[in-house]
Amino acid sequence: MEWSAPAIILSARPYGEGGAVVNVITREHGRHAGLARGGASRGQAALWMAGNMIEARWVGRLAEQLGTLSGEMVHPAAALAMEDPLALALLSSACAVAEAALPERAPHPVLFEGLVRVISLLVRGPEAAMPDYVRWEALLLAELGFGLDLSSCAASGATEGLAYVSPKSGRAVSAEAGASWADRLLPLPGFLRDDAVLAMPADWHAGLRLTAHFLERDVFHAQNRPVPEARQRLQDRVAALV
């Protein structure tokens, strides 16, 4: 059994003498693990850093085995993000959320392509990538069956003036309908409904708070685990900017 495909490295953990168990995500094979022989060695460590985009090759005697993984660098995203703490926090968060939230070997091509876009935008700086990262988390919720409904107001049906999201239903609420309950609702940043809306750090923070609420409640609580620490560090770093 074997396959080759473009992949994004999600994590690499030392295993045995110099090896590493590596988790990647691909378009057709979803989140997939493999043993990289020599993966923890000085010569290979840079290749297997989380966030890097590689051409991966997996080989196993049986499909259900861990198998062995090898790869060639395509885009060294981890090294490029090292000099920018916010970019590194974003990259680490994306990889941690994907690894923790997605079931093993279940293909999610839309999520893979969305993550490729986020990582590609990091070349222009975290300011360019952050809105798409928040949209990617919203897409992940939808792919797992917990999508937000931001099309119209849950109370009035209005499609204009949407300013909040109900933390219970995940549906949008207009500024008028939610005025009396604003302290109990989650702010809805405009860029989540309209890609053309300019997003500032306060909007990023509102978006991260929004997706974190539903990730914690609907995805990670069901797995009896907290939101990944890397995800919380990203939210804290953005909060400091605000």
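Structure summary
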| read-out | value |
| --- | --- |
| Sequence-separation-based contact order of region 1-71, relative, with Cα cut under 8 Å and 6+ spacing, percent | 37 percent |
| Relative contact order for region 34-166, counting Cα pairs under 8 Å that sit 6 or more residues apart, in percent | 16 percent |
| Average silhouette area of region 1-59, convex hull of alpha-carbon atoms, in square nanometres | 3.6 nm² |
| Cβ-based charge dipole, region 1-160, positive-most Cα from 97, 126, 20 | 20 |
| Largest to smallest accessible area among 13, 124 [probe 1.4 Å] | 124, 13 |
| Among 180, 156, 167 the positive-end extreme of the charge dipole of region 153-200 (Cβ point charges) | 167 |
| Structure-based [θ]222 nm, the chain - -39500 (n - 2.57) summed over DSSP H runs of at least 4, per residue, nearest 500 | -10500 deg cm²/dmol |
| Rounded accessible area of residue 200 (nearest 10 Å², 1.4 Å probe) | 100 Å² |
| The chain: antiparallel DSSP beta bridges as a percent of all, rounded to 5 | 90 percent |
| Alpha carbon convex hull of region 109-153, volume per residue in cubic angstrom | 68 Å³ |
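The values are calculated or read from the model by the stated rules, or taken from the named source; none is laboratory data. All of these numbers come straight from a predicted model, not from anything done at the bench. Neighbour counts are summed over all protein chains in view; Cβ atoms, including those assigned to glycine, are modelled from backbone coordinates with ideal geometry. When the accessible area is computed, the model is the full protein with side chains, heavy atoms only, and any ligands, DNA or RNA have been set aside. Shrake-Rupley method; radii C 1.70, N 1.55, O 1.52, S 1.80 Å.
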